[in-house]
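Novice: Quick one: structure below, then a few questions.
The values are calculated or read from the model by the stated rules, or taken from the named source; none is laboratory data. Since the structure is predicted, the reported quantities are computational estimates derived from the model, not experimental observations. When we count neighbours, we look across all protein chains shown, and the Cβ atoms used for this are built from the backbone with ideal geometry, even at glycine. Please note that ligands, DNA and RNA were not included when accessible areas were found on the heavy atoms of the full protein model with its side chains. Shrake-Rupley method; radii C 1.70, N 1.55, O 1.52, S 1.80 Å.
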Amino acid sequence: MFRSRVKEEKAPAADQAPVNLSKQPRDPQAPKGRPTPKRSEARSQRRSVAHTPMTRKEAAKRQREARRAALERQRQALATGDERYLPVRDKGPVRRFARDFVDSRFNVAEFFLPMAVVILVLSMVRVPALQNAALLLWLVVIALIVFDSCVTGFRLKKRLGERFPDENRRGAVAYALMRSLQMRRLRLPKPQVKRGERP
């Protein structure tokens, strides 16, 4: 009875207007052309558009797959020397130089395991002369490893100071000496230089 005639005329036009769901930006002053949805309807639409939340099982599965892919990349990097996917302890030019320095020379420490096996076998033979020889050989091997490691560490420290004066060299010598204890074919990352090749 008291309703405005103008509003009554505009209402059917608004109801007949097509719903515009385009994602183009709309002028804030322009008419919507559709009725405002109820709050519950708007919430349900937002929830359906938003990413559905993953269950704990799905999240764990995705994490396992991502971890497996990262480990596979890391394994390939250890075999090929690809710097991008190496573990943190092997990354950087300083660590690479330390690896190449050790891999380019013969180290007494890398023959420790084969010599230890020989010494163990000799010590198990119940011949006093062989047991004494095994003990003497053991002492000689330990002394040679200590001497060779000291020489290697001193030379490497000097070369690192010349080559990388502004880089962080902390732990590089210990890293190289630990690598020298491993047999060449078992080292990871794989050696990238030949013996005698200057890094």
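Novice: Please determine whether any residue of the range 146-157 is free of Cβ contacts under 8 Å to residues at least 40 places away in the same chain, open to solvent by 70 Å² or more (accessible area, probe 1.4 Å) and within 18 Å of GLY81 (Cβ to Cβ).
Specialist: No, the range 146-157 contains no residue that is free of Cβ contacts under 8 Å to residues at least 40 places away in the same chain, open to solvent by 70 Å² or more (accessible area, probe 1.4 Å) and within 18 Å of GLY81 (Cβ to Cβ).
Novice: Being open to solvent by 50 Å² or more (accessible area, probe 1.4 Å), under 29 Å from the mean Cα position of the chain (by Cα) and not aromatic (Phe, Trp, Tyr): is that true of PRO128 here?
Specialist: Judged against the criteria, PRO128 is not a match.
For (1) in contact (Cβ under 8 Å) with a residue 40 or more places away in the chain; (2) surrounded by 14 or more Cβ atoms within 10 Å (Cβ to Cβ); (3) of a type in the set (Gly, Ala, Ser), each residue gets a yes or a no:
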residue: MET54; (1), (2), (3): no, no, no
residue: ALA59; (1), (2), (3): no, no, yes
residue: LEU71; (1), (2), (3): no, no, no
residue: GLN74; (1), (2), (3): no, yes, no
residue: ALA77; (1), (2), (3): yes, yes, yes
residue: THR80; (1), (2), (3): yes, no, no
residue: ARG89; (1), (2), (3): yes, no, no
residue: GLY92; (1), (2), (3): yes, yes, yes
residue: PHE97; (1), (2), (3): yes, yes, no
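Novice: Give me a count of the residues in the range 179-199 that are surrounded by 15 or more Cβ atoms within 10 Å (Cβ to Cβ) and free of Cβ contacts under 8 Å to residues at least 24 places away in the same chain.
Specialist: Count: 0.
Novice: From ASN132, ASN107, which residue is within 26 Å of GLY196 (Cβ to Cβ) and out of contact with any strand residue (DSSP E or B) (no Cβ under 9 Å at 6 or more places or on another chain)?
Specialist: Numbers: ASN132 fails: within 26 Å of GLY196 (Cβ to Cβ).
None of the others qualify; the one that does is ASN107.
Novice: Residues in the range 70-84 that are outside any helix (DSSP H, G or I) and farther than 20 Å from ARG184 by Cα: how many?
Specialist: 0
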